[in-house]
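Below is one structure, written out as structure tokens; comments come after it.
Readers should treat all values here as calculations from the given coordinates under stated rules, not as data from a laboratory. Owing to the predicted nature of the structure, the values given are computational and were not obtained by experimental measurement. Here the Cβ is made from the backbone with ideal geometry for all residues, glycine too, and neighbour counts use every protein chain on show.
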Amino acid sequence: MRIYYLYLPEMFSFGGKPVWPCRPSPGLLFLLSGIALLFPLELLGAEQDVGPVRPAEYIYPVDAPRDYLSGKFVSVASYIDRFFGDERNYQESNKSVVKLTLNRVVVHGGERKFVLSGKAKVHLPTTQKRLHLLLETDPEQNISGESPQGQTVLNNEVVTPGSYGAAVRYEKARENRWHFSADAGVKFQGVNTDPFARTRGSYSATMGQWRLKVAESLFWFNTIGAGESTQLDVEHFLSDPVLFRATSNATWLNDKQSFDLRQDLSIYHTVSGRTALLYQASAIGVSEPQLQVTEYVVLMLYRYRLHRNWVFFELSPQLHFPRDKNYDLNPLLNLRLEMLFDGSK
């Protein structure tokens, strides 16, 4: 099986950059990335068939502008996710990173607690950045790729980390297109140890001013059993500093035989290099015993970079409308101090 390459002359360029060799079609990449969820290609020694060579006039007007817009879109969206310390950035960035957060959640008429949590991902030497050592608190909560903001509003009560996890991750990605990772580790809870396994794959496609991203996770924990999580992000820039994102998430737990459902509508507004705002409305529900919304949440999050690119402060007033309280208003205030160690200065 041969792989053909097509090189274009210098006259075919976009933005002053020559067009690179032809690439596999998006449909083929989607199929191959799906296979890679179970069997990474290089582990099987498989060869990739990129299909027949297409004429240069078809490649230039389609591939080059698409790659340019995709790269620009992804770079700005990735910057926003990195600034907000988003779980997407932690899952898909190939950098070594240590993340520590100190939360204080204040519930009207409830307790006030400080919660310390953290996670770390460190390259293992001589592995070409494909093997990482993971350390994290409550690893069973890191299965869907949700943002820290999303995890904060899921519950009115604050729970201190009850377990810790250590795992080895295999990771492979193609910039701006797809990402694959697989974890195998052990969870420590007191004197008890339980094994766990996770695998996650994502694929993104840019269509004009919109980007669609699908992420699929499979997991097994001895405490909660097996399950899967599917997440769809639809993104659009309303203006240069404003990003709209609609996130749909469904998580299946085999032991419960039900789906946990969540829909977020978010607007990220980058005010300056030090300040950003997030406006988010969420509906949270379950599929059993019947399909129903268990909580509505509206929040505003103010995030400020206190020191260089690694110390951040958040202030997030939130309005909760839980079903178990007849959807009556339950206000909440979340304060967060976060430190990121990922090579940024």
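Of note:
- If R0 is taken as 51 Å, the Cβ-Cβ distance between ARG305 and VAL214 corresponds to a FRET efficiency of 0.95.
- When the pairs LYS172/LYS256; LYS99/LYS129; LYS129/LYS187; LYS119/LYS325; LYS256/LYS325; LYS129/LYS256 are compared against a 27 Å limit on Cα-Cα distance, LYS172/LYS256; LYS119/LYS325; LYS129/LYS256 fall above it.
- More than 20 Å apart - percent of Cα-Cα pairs taken over region 257-345: 49 percent
- SER117, SER181 arranged by Cβ crowding within 10 Å, fewest neighbours leading: SER117, SER181
- Within region 238-334, trypsin sites (Lys or Arg not before Pro) in DSSP loop having at most 16 other beta-carbon neighbours inside 10 Å: LYS256, ARG274, ARG308
- Fewest neighbouring Cβ atoms within 10 Å first, the residues ARG169, ARG200 line up as ARG169, ARG200.
- Neighbours of GLY118, meaning other residues whose beta-carbon lies under 10 angstrom from its beta-carbon, give a summed charge of 0 when Lys and Arg score +1 and Asp and Glu score -1.
- In angstrom, the C-alpha Rg and Dmax of region 96-341 are 18.4, 56.
- Cβ-to-Cβ counts within 10 Å put ASP328, ASP138 in ascending order as ASP328, ASP138, the fewest first.
- Cα convex hull, region 169-277: 148 Å³ per residue, rounded to a whole number.
- Per residue, the average separation of C-alpha pairs within less than 8 Å and at least 6 apart gives region 96-341 a relative contact order of 14 percent.
- Taking each residue as 0.36 nm, the span from ASN192 to MET207 lengthens on full extension beyond its C-alpha to C-alpha distance by 0.6 nm.
- Note on GLN263 and SER96: the model spin-label points, each 7 Å out from Cα along the C-beta direction, lie 4.4 nm apart.
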